[in-house]
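Notes to accompany the following structure.
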Amino acid sequence: MNVDRYKIFLRYLIEKGRHFYWKLYGESYKSNYVDFVREDMVYDAELDELKPFYSPKYKSLSNDIVFRDELCGGVGSTYSTLSTDVHDIDEEKAAAAVKCFNEDKYKQLFRIVYGKSVDSV
């Protein structure tokens with residue numbers, strides 16, 4: 001596996017960590033830092049409806065969090081460069097990731113986004 005795929009997986013791991021800590025501290029955070037909470041509407045497939053989803057805007061959730069810098073996010077954060085790398089993935093790297101997972105839905109999405117098949121890259 002190449003470094004670019006590892007970056008994607010590492011970025012995903014960081015997101016999983018953020019969700020873990022939000023579940024742990026989220027309710028307390030929402031009540032103590034009202035101005036630092038973002039509310040978005042997200043689709044719940046099980047309920048077939050939109051429902052509110054809350055997440056922190058700026059601050060990390062708690063000083064007690066072991067990976068506070070990594071999980072905080074945003075410009076200048078520990079992983080902002082990693083995040084930029086993942087979001088700025090080029091055609092060849094995207095094709096390599098799609099080939100790694102080899103699922104039709106990703107192949108179709110690649111064709112829509114890049115206007116060509118994964119196999120042509």
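The values are calculated or read from the model by the stated rules, or taken from the named source; none is laboratory data. Since we're looking at a predicted model, the values are computed, not measured. Positions of Cβ are generated from backbone atoms using ideal geometry, with glycine treated the same way; all protein chains shown enter the neighbour counts.
Summary table
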item: Hits in region 1-42 - residues which are outside any helix (DSSP H, G or I) and either in contact with a Cys (Cβ under 7 Å, 6 or more places away or on another chain) or farther than 20 Å from Glu92 by Cα (or both); result: Tyr33, Val37, Arg38, Glu39, Asp40, Met41, Val42
item: Residues of region 14-48 classified as without any contact (Cβ under 8 Å) to a residue 24 or more places away in the chain, surrounded by 11 or more Cβ atoms within 10 Å (Cβ to Cβ) and closer than 19 Å to Ser83 by Cβ, total; result: 3
item: Residues of region 53-94 satisfying the condition of being out of contact with any Phe, Trp or Tyr (no Cβ under 9 Å at 6 or more places or on another chain), modelled with pLDDT of 80 or more and of a type in the set (Phe, Trp, Tyr); result: Phe53
item: Condition check for Lys51: surrounded by 11 or more Cβ atoms within 10 Å (Cβ to Cβ), over 30 Å from Ala94 (Cβ atoms) and touching a strand residue (DSSP E or B) at 6+ places or on another chain (Cβ under 7 Å); result: no
